[in-house]
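All remarks here apply to the structure that follows.
The values are calculated or read from the model by the stated rules, or taken from the named source; none is laboratory data. Just so we're clear, the structure is a prediction, and the values are computed from it rather than from any experiment. Don't worry about glycine lacking a Cβ; one is built from the backbone with ideal geometry, like all the others, and counts go over all protein chains shown. In case anyone asks, the SASA skips ligands and DNA or RNA and just uses the protein heavy atoms, side chains included. Shrake-Rupley method; radii C 1.70, N 1.55, O 1.52, S 1.80 Å.
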Amino acid sequence: MSQSVIDTLNNRVSIRFYTDEPIEDALLERILQAARRAPTSSNMQTYSIIVVKNPEVKKQLAVLAGNQKHIEVCPVFLAFCADIHKLEVALHMHGHELKKSLETTLVASVDASLVGMSVQTAAESLGLGSVMIGSMRNHPKEVAELLGLPQGVYVVYGMCLGWPDKTQVPPQKPRLPQDLIIHKERYNSSDIRGTIDAHNKELAEHYESLGRNLDEAAWSGPIAQRLHKPVREELRKTLESMGFSFD
Ligand SMILES: Cc1cc2nc3c(=O)[nH]c(=O)nc-3n(C[C@H](O)[C@H](O)[C@H](O)COP(=O)(O)O)c2cc1C
């Protein structure tokens, strides 16, 4: 029995703890085939999905992602790849070289993102739990080697899938006030600070109710800590060496 899309989306949280129950191949296939109906730029389908069940590979991916245990213990890990390799092959079939650019990199990364969201929604509608893993970009080259990716393919993000351990389902995190996200006709930049302040307090209360004591700036504080210095400084160079262009 599947939930309605609206219920699935309204109820979702990231799930990082799973039961030992495997995910049946037929169910995974159903999810992946449905997700492949996701829209894709100019029907190019510039993505690939690597399905990883091998415990040893998941273990190594968990380490590369900064020791994220959920990657090791989930029954299925999916790597969503931007894939311009197949475009290059298609162009070679016509005697052309692919003119790589920022646009081809973005198109492939957006395509990979869209199909992953469809996978997540389809999986969660069937009762599975999941969490996306951006830390696949901590060591993109090592991840690519482990998964046998050719030039022109990188893992944009991963996704753990499994049956939720019902005893460890976290409560939903409050989202930013809608005024900061949904703009009517034109972007509304008034009182962004005030709205962030209000959200900081709401999130601090949420964490406090869970016994976690964060400072009062529970949303903006950690973000400021993280982003006042470069993050993944080598990423551009590494992805260029893997066949992507940012020009
Ligand atoms: C692109 C992307 C990358 C993420 N990377 C990680 C990750 O590496 N590890 C992790 O535990 N959660 C990761 N998350 C999950 C977010 O932390 C989570 O979605 C966010 O805190 C909101 O919580 P919620 O999904 O429960 O509402 C990622 C989410 C997205 C969309």
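Structure above, values below:
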quantity	calculated
Residues of the range 61-116 satisfying the condition of being among the polar types (S, T, N, Q) and closer than 17 Å to ALA38 by Cβ	SER109, SER113
Hits in the range 85-142 (condition: without any contact (Cβ under 8 Å) to a residue 24 or more places away in the chain, of a type in the set (A, V, I, L, M, F, W, C) and either within 15 Å of the ligand (Cβ to nearest atom) or assigned to a helix (DSSP H, G or I) (or both))	VAL89, ALA90, LEU91, LEU106
The range 10-24 residues that are outside the structural domain of ILE133 (by TED's automatic domain parsing), paired with ones that are in a loop (DSSP other than H, G, I, E, B) (beta carbon under 7 Å, 6 or more apart)	none
Subset tally (residues that are more than 15 Å from TRP163 (Cα to Cα) and either away from the ligand (no atom under 11 Å from the Cβ) or hydroxyl-bearing (Ser, Thr, Tyr) (or both)) for the range 10-24	1
Search result, residues across the range 134-178 that are of a type in the set (Asp, Glu) and in contact with an Asp or Glu (Cβ under 8 Å, 6 or more places away or on another chain)	none
Test for LEU203: is it surrounded by 13 or more Cβ atoms within 10 Å (Cβ to Cβ) and part of a helix (DSSP H, G or I)	yes
Wholly enclosed helices (runs of 4 or more DSSP H) of the range 1-79 bearing at least 3 residues surrounded by fewer than 20 Cβ atoms within 10 Å (Cβ to Cβ), modelled with pLDDT of 95 or more and not β-branched (Val, Ile, Thr)	5-11, 25-35, 55-64
Some residue of the range 97-115 being closer than 17 Å to GLY162 by Cβ, in the same structural domain as SER135 (by TED's automatic domain parsing), open to solvent by 40 Å² or more (accessible area, probe 1.4 Å) and of a type in the set (A, V, I, L, M, F, W, C)	no
Residue that is farthest from the ligand (Cβ to nearest atom) [pool: residues in the range 143-179 that are more than 30 Å from ILE223 (Cα to Cα) and assigned to a helix (DSSP H, G or I)]	GLU145
Residue tally, condition at positive phi and in contact with a strand residue (DSSP E or B) (Cβ under 8 Å, 6 or more places away or on another chain), over the range 220-242	0
